[in-house]
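Nothing in this text is a laboratory measurement; each read-out follows from the coordinates by a stated rule. Since the model is a prediction, treat every value here as computed from it, not as a measurement. Neighbour counts run over all protein chains shown; Cβ positions are idealised from the backbone, glycine included.
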Amino acid sequence: MDADALNRSIQTLSERKDAWASLPVRRKLDYLDSIMRRYPAVAGRQVSACIRAKGIEEGTPRSGEEWAHPYQTMRLLRLLRATLNQFESRGQWQFPKRALRARANGQLVARVFPLSAIDLLLYPGFHGEVWMQEGVTEENLARNSVDCCRPGAGSGRVTLVLGAGNVASIGPGDLLHKLLVEGQVCIFKHNPVVDYLGPLIEEAFASLVEDGFLRFVYGGTDTGEYLCRHSEVDEIHLTGSDRTYDAIVFGTGEEGRQRKHAGRPRLHKRFTCELGNATPVIVVPGPWSDSDIQFHAENIVSQMTINCGFNCLSAKVLILHKDWPQSRDLMDAIRTLLAATPQRKAYYPGAEERYDEVVAVNGMVEPIGPRSPGVLPYTIVSEIDPADRDNPCFASECFMPLLAQTSLPGADAAEFLDRAVEFSNQTLWGTLSGSIIVHPAAQRELGVGLEKAIARMRYGTVSVNQWTALGYLWGSPTWGAYPGHLPTDIQSGAGFVHNSFLFDRPEKSVIYGPFRMWPKPAWFVTNVRTHKILPRLFELECAPSILRALQVVFTALRG
């Protein structure tokens, strides 16, 4: 660790923080434009670097998954630019009233997807909402928005951003949020797992580095500790694990445990974070056909296996009705698909040790495929007792290619869904994201009960029928834990990112998708053209047009 170099970086940011806070919106748009010009030249090299590091074969369908991250970054850049441009042209921010509604209890809901004819074309049958916290109304929504773009927004702050080690879009997304939504200069420390991405991100954000508003640093825990405790670092943002959060806020070892138990943090700084989740997938019983079973087996297996399960939003706990006749059919279809899905390199540090710990304390463990050095089998841990609250599949995020399954009773779909929501809220660790899969006939039976169940779910993103990852990818929904966690029980974290509409008090984002769709979604691991579709999707975000959107659709239809 070069403490002098770190001090120089922080000193530069400290000297420039007020300039950034008072910078006219026009100048911030210039920086955004600079990133948007540079990023397309970086994207292909970023994808290639990730493919090599994760042991993915070039040119295979699964290599296309890595293009989702340039797509997400470019989309977020474009949406933030549109919002800041509204400030520049009108001198204020205003969300369109036609996209607002109030729930029966008065809760304000903003429809944030689709935003264009292109969105409608690419995602037919999908829409996304942001539900606001109590007290936010249509009349005061503008006052409950981030004020960093308003003149005299306040003095600047230096934020340390501790980057994630799993996917390439998290770091840029966190930086864009802190810089442009919260108005803070940043020092970004790369997670050592993805140090190889550092020079590429720096290249894309070069204009901010050149003008002293952003610095990048590398190193291990000693570097992170030094920066966290530095007197001129005002705030911290972390994407990682709750264990890392606890170590930073309370310390390690016995002293750290005592501090946490007593509620005596050693660090008194604003701390925002996204810390993962034991993501539930609730399957509501209904009259499923064989093709329904096949579609959602592909849906669930994709959520479980993409990026080898090293995603904070990977499917982790499958919740089925105890007496649903088709539970066995669904599980058999999942097993068959897992057996046909190529195994992946378990690249994330500690995955094999964590896997052994989980397997050792569970009975019905089904490895699907062989285990070899650096490669873990896709694994199902089935029929876990829902009362076993301390089971690591429930009480922690199993950051590995593993799916736990449990069953709950219920006299009908409504009673089962109530129990499943209660189980998710009270037993499963984390509050980041969760999903409900519900057949149209069951949805009609539930009526308003489905929205009531969504309202009861204490998750920052709730999806219906499709993967919560879409809320992350779209950029217009907020992304983060359900609000209200205490530092001594941080769960999935505090605060949120993305948020291209600058909402200041969101409660959750809700993603709705069709029960079935055609053509096959590009994010399904069974799609043989993912590596053809997603690069085109990125090109579309670089230069949106109906013609390019139709090219994406044509490519998807050929699959």
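In nm, what is the difference between 0.36 nm times the number of residues separating Glu57 and Ser155 and their Cα-Cα distance? Walk me through the numbers before you get to the answer.
Numbers: separation 98, 0.36 × 98 = 35.28 nm, distance 4.86 nm.
Gain in length upon complete extension: 30.4 nm.
Pull up the DSSP beta bridges for the chain and report the antiparallel fraction as a percent, rounded to 5.
Bridges in the chain that DSSP calls antiparallel: roughly 40 percent.
Remind me, what semi-axes does the stretch 288-449 give for its equivalent ellipsoid, largest first in whole Å, using sqrt of 5 times each Cα gyration tensor eigenvalue?
Ellipsoid half-lengths, sorted descending, are 27, 18, 14 Å.
Treating only the Cα positions of the stretch 361-422 as identical point scatterers, give the base-10 log of I(q)/I(0) from the Debye formula at each q in 0.18 Å⁻¹.
Debye intensities relative to I(0), on a log10 scale: -0.74.
For the stretch 241-330, give the magnitude of the charge dipole about the Cα centre (Cβ charges: +1 Lys/Arg, -1 Asp/Glu; no others), in debye to the nearest 20.
820 debye
Search the structure for amide H atoms under 5 Å from the amide H of Val217, placed 1.01 Å from N in the peptide plane, and list their residues when 5 or more places away or on another chain.
So Val217 has HN proximity to Phe188, Lys189, His190.
Among DSSP beta bridges lying fully in the stretch 288-449, give the percent that are antiparallel, nearest 5.
40 percent
Can you give the FRET efficiency for Arg328 and Ile546, using 1/(1 + (r/R0)^6), R0 = 41 Å, r = Cβ-Cβ distance, to the nearest 0.05?
Computed FRET efficiency for Arg328 and Ile546 comes out at 0.35.
Would you mind computing, in nm to one decimal, how far apart the modelled labels at Glu225 and Arg516 are, each placed 7 Å from Cα along Cα→Cβ?
The modelled label-to-label distance comes out at 5.7 nm.
Where the centroid of each part is defined by its Cα atoms, how far is the stretch 100-135 from the stretch 250-313 in Å?
Taking the Cα centre of the stretch 250-313 as reference, the centre of the stretch 100-135 is 24 Å away.
Among 52-65, 252-265, how do they line up by average Cβ neighbours within 10 Å per residue, starting with the highest?
Top of the packing list down: 52-65, 252-265.
Label-point separation (nm) for Asp290 and Asp4, each offset 7 Å from Cα along Cα-to-Cβ?
Distance between the two pseudo-spin positions: 7.4 nm.
For the stretch 297-332, which trypsin sites (Lys or Arg not before Pro) are in a loop by DSSP, counting at most 16 other Cβ atoms within 10 Å?
In loop regions of the stretch 297-332 (DSSP not H, G, I, E or B), the sparsely surrounded trypsin sites (Lys or Arg not before Pro) are Lys322.
Assuming R0 = 51 Å, can you tell me the calculated FRET efficiency for the pair Gln11 and His261, based on Cβ-Cβ distance, to the nearest 0.05?
Approximately 0.85, to the nearest 0.05.
Could you pull the Cα extents of the stretch 519-559 along its three principal axes, largest to smallest, in whole Å?
Over the stretch 519-559, Cα extents along the principal axes are 28, 15, 11 Å.
Between the stretch 181-230 and the stretch 438-511, what is the C-alpha centre distance in whole Å?
Their Cα centres are 29 Å away from one another.
Based on the Cα coordinates of the stretch 20-62, what is the per residue volume of their convex hull in Å³?
Convex hull volume per residue, Cα atoms: 103 Å³.
Lys54: which aspartates and glutamates have alpha carbons under 17 Å from its alpha carbon, excluding same-chain residues fewer than 8 sequence positions away?
Glu65, Glu66, Asp195, Glu352
Counting Lys and Arg as +1 and Asp and Glu as -1, each charge on the Cβ, what is the dipole of the chain about the Cα centre in debye, to the nearest 20?
1400 debye
Grab the Cα-Cα distance for Arg45 and Thr336, subtract it from 0.36 nm times how many residues apart they are, and report the gain in nm with one decimal.
Working: separation 291, 0.36 × 291 = 104.76 nm, distance 3.48 nm.
In short, 101.3 nm is gained.
Under a Cβ-Cβ cut-off of 15 Å, what is the net charge of the residues other than Ile454 that fall near it, where Lys and Arg count +1 and Asp and Glu count -1?
Taking every other residue near Ile454 into account, the sum is +2.
When the helices in the chain are scored as -39500 (n - 2.57) per DSSP H run of 4 or longer and the sum is shared across all residues, what 222 nm value do you end up with, to the nearest 500 deg cm²/dmol?
After summing the helix terms and dividing by the residues of the chain, the value is -12500 deg cm²/dmol.
Label Glu138 and Asp18 with points 7 Å out from Cα along Cα→Cβ: what is the distance between them in nm?
4.3 nm
Based on the alpha carbon coordinates of the stretch 104-190, what radius of gyration and maximum Cα-Cα distance (Dmax) apply, in Å?
According to the Cα coordinates of the stretch 104-190, Rg and Dmax are 17.0, 45 Å.
For Ser116 and Leu557, FRET efficiency with R0 = 25 Å and r from the beta-carbon atoms, rounded to 0.05?
It comes to 0.75.
Report, as a whole number in µm² per second, the diffusion coefficient that Stokes-Einstein gives for the stretch 1-156 at 25 °C and 0.890 mPa s using the Kirkwood radius over alpha carbon pairs.
Roughly 126 µm²/s, to the nearest whole number.
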